[in-house]
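J.: Dumping the structure here so I can ask a few things about it.
A short reminder: the numbers here are calculations on the coordinates, not readings from a lab. These figures come from a predicted structure and were not determined experimentally. Heads up, the Cβs are rebuilt from the backbone with ideal geometry, glycines too, and the neighbour counts pull from every protein chain shown.
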Amino acid sequence: MPHAMPAVAGRALPPAPGSAAAALRAPVATLRWLWPAYVTPGRPGRPTTQQELRWVYGAWLGALALKVLGSSWDVSWHFRWLRDDLAPPHLLNTAGTAVVVALVLFHSHTGYGVDRWALRLVQAGTATFLVAVPVDLVNHRVNGLDITSWSPSHALLYAGTAVMLAGVLRGWWRYAAPGRVRDAVALGLWLLTVENVLFPNQHQEYGVLSLRAYEAGATTAEPQLLDFAVAQGQSPTSFMLPVPSWVHPAWLLCAGLLCLVVARRVTGLRWAATGLAAAYLAYRATVGLGLEVTGFPPSVLPLALLAGAVAVDVAVGRGLPGWLAGPLVAGATYLAGAVLAAAGALPPWDWRAAVVLLTGTAFTLLWVTLDAVARSRWPVAWRGGAPTG
């Protein structure tokens with residue numbers, strides 16, 4: 001609901017910047033206006049105009065975009081160079097994290113743009129992420145060459161980011177006015193969520209090409225990285241494909257595609273899953289090309305995700321129950337995977353019938369669980385009621 005510009009008792013506020021461009025051109029003047037105007041104590045659920053919401057959640061998009069760019073660069077970096085705490089990708093990610101922390105402190109102090117649950121989620125997620133950073137540093141000191149995306153310390157980073165994103169999605173969806181702006185920002189946040197969920201699979205997507213290049217005598221890894229692996233008592237290729245071959249398709253289905261199912265249902269937008277999958281793949285292709293032309297290792301793209309996403313949209317659009325939709329989406333994904341495997345554009349997948357059946361069954365059970373949740377009162381409380389403090 002719109003409300004008047006905040007006022008500070010007994011003090012006239014400096015004029016607000018006329019536009020975002022004007023604010024960026026004069027950051028000191030902007031801060032002098034912003035602090036007394038908005039950085040005042042308040043409870044969650046504090047009245048916030050739509051323009052103010054767009055400013056705050058635009059800052060969230062920018063901060064999270066910095067984190068995503070840094071982490072995307074980081075994966076490719078680790079397949080070429082030895083790990084360095086102050087490597088440029090880490091610094092880029094840290095810049096995004098700093099803005100995230102500032103936003104969480106802003107929400108916590110002022111109460112603007114969040115209800116209690118959204119605030120708790122962004123606080124808990126950010127705290128988990130910040131705890132995971134020193135844990136990861138200790139992990140690398142103890143274990144040496146540990147660049148796998150599947151380590152416990154990295155899992156904490158993903159989990160913290162996921163919880164944080166859940167809070168941001170809740171705050172935006174509950175307070176933003178229905179319309180194109182709400183849908184566009186929500187899709188942007190869901191895209192960041194999909195990227196975070198699928199991030200661990202990038203290890204295999206980079207590793208398969210790194211191993212192929214190494215075996216062909218044209219390794220993309222620097223000698224110091226391979227020598228360090230040997231010094232740690234490992235094979236120089238041990239970090240390239242460190243997990244079993246059933247992991248990539250299982251995670252693609254049970255995490256990535258399940259996330260797209262949730263996004264499709266929450267937004268209610270036709271072809272939302274397909275659009276998000278296509279946007280994710282376009283982002284990966286663009287960033288991957290930029291990294292490759294600057295000398296960093298390439299990766300394969302999880303194109304099977306797009307086939308699964310189309311199947312998700314068709315299944316949800318036709319109202320298919322999870323017990324039927326799950327096998328159909330899993331079948332479409334595995335069919336696309338078979339085509340990609342034949343073209344040499346897929347990390348190792350475990351094609352044993354029992355493993356494929358078990359993965360499809362797990363995905364179906366998760367979808368059935370989503371159906372049960374959707375029939376409960378929880379989704380109404382999450383997005384349907386009037387915002388409350």
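J.: Calculate how steeply helix 322-342 sits against the longest principal axis of the alpha-carbon atoms of the chain, using the helix alpha-carbon long axis, and give the answer as 0 to 90 degrees to the nearest 10.
T.: 50
J.: In addition: Please work out the Cα convex hull volume for the stretch 253-359 and give it in Å³ per residue.
T.: Working: hull volume 10.7 nm³, N = 107.
With only Cα atoms used, the stretch 253-359 gives 100 Å³ per residue.
J.: Next question. Between A216, A374, A250, find the one with the highest GNM mean-square fluctuation for the chain; connect C-alpha pairs within less than 10 Å.
T.: Among A216, A374, A250, the largest mean-square fluctuation in the Gaussian network model of the chain belongs to A216.
J.: Follow-up. May I have the pair-distance distribution P(r) for the chain, computed from all Cα-Cα distances with 20 Å bins from 0 and rounded to whole percent?
T.: The percentages, shortest bin first, are 26, 54, 20, 1.
J.: Then there's this: Of L82, G160, N93, which is farthest along the charge dipole of the stretch 40-201 in the positive direction, counting Lys and Arg as +1 and Asp and Glu as -1 at C-beta?
T.: Highest projection toward the positive end goes to G160.
J.: Let me ask something else about it. Placing unit charges on C-beta atoms (Lys and Arg positive, Asp and Glu negative, everything else neutral), compute the dipole magnitude of the chain about its Cα centre in debye, rounded to 20.
T.: Working: 26 positive and 17 negative charges, 351 e Å.
Here the chain has a charge dipole of around 1680 debye.
J.: Kindly express, to the nearest 10 degrees and within the range 0 to 90, the angle between helix 272-293's C-alpha long axis and the longest C-alpha principal axis of the chain.
T.: 70
J.: Against the longest alpha carbon principal axis of the chain, how many degrees, from 0 to 90 and to the nearest 10, is the axis of helix 27-38 turned?
T.: 70
J.: Kindly write out, for the stretch 352-361 in residue order, the coupling ³J(HN,Hα) from the Karplus curve 6.51 cos²θ - 1.76 cosθ + 1.60 (θ = phi - 60°), rounded to whole Hz, with x marking Gly and Pro.
T.: Listing the rounded values in order: 4, 4, 5, 5, 4, 5, 5, 5, x, 5 Hz.
J.: Per the helix-only calculation at 222 nm, which mean residue ellipticity applies to the chain, given -39500 (n - 2.57) for every DSSP H run of n ≥ 4 and division by its residues, nearest 500 deg cm²/dmol? Please list the in-between numbers first.
T.: On the way: 15 runs with 258 residues, N = 389.
About -22500 deg cm²/dmol.
J.: Still on this structure, I have one more. Among 97-103, 68-74, what's the highest-first ranking by average C-beta atoms within 10 angstrom per residue? The partial results should precede the final answer.
T.: Details: 97-103: 17.4, 68-74: 20.7.
Top of the packing list down: 68-74, 97-103.
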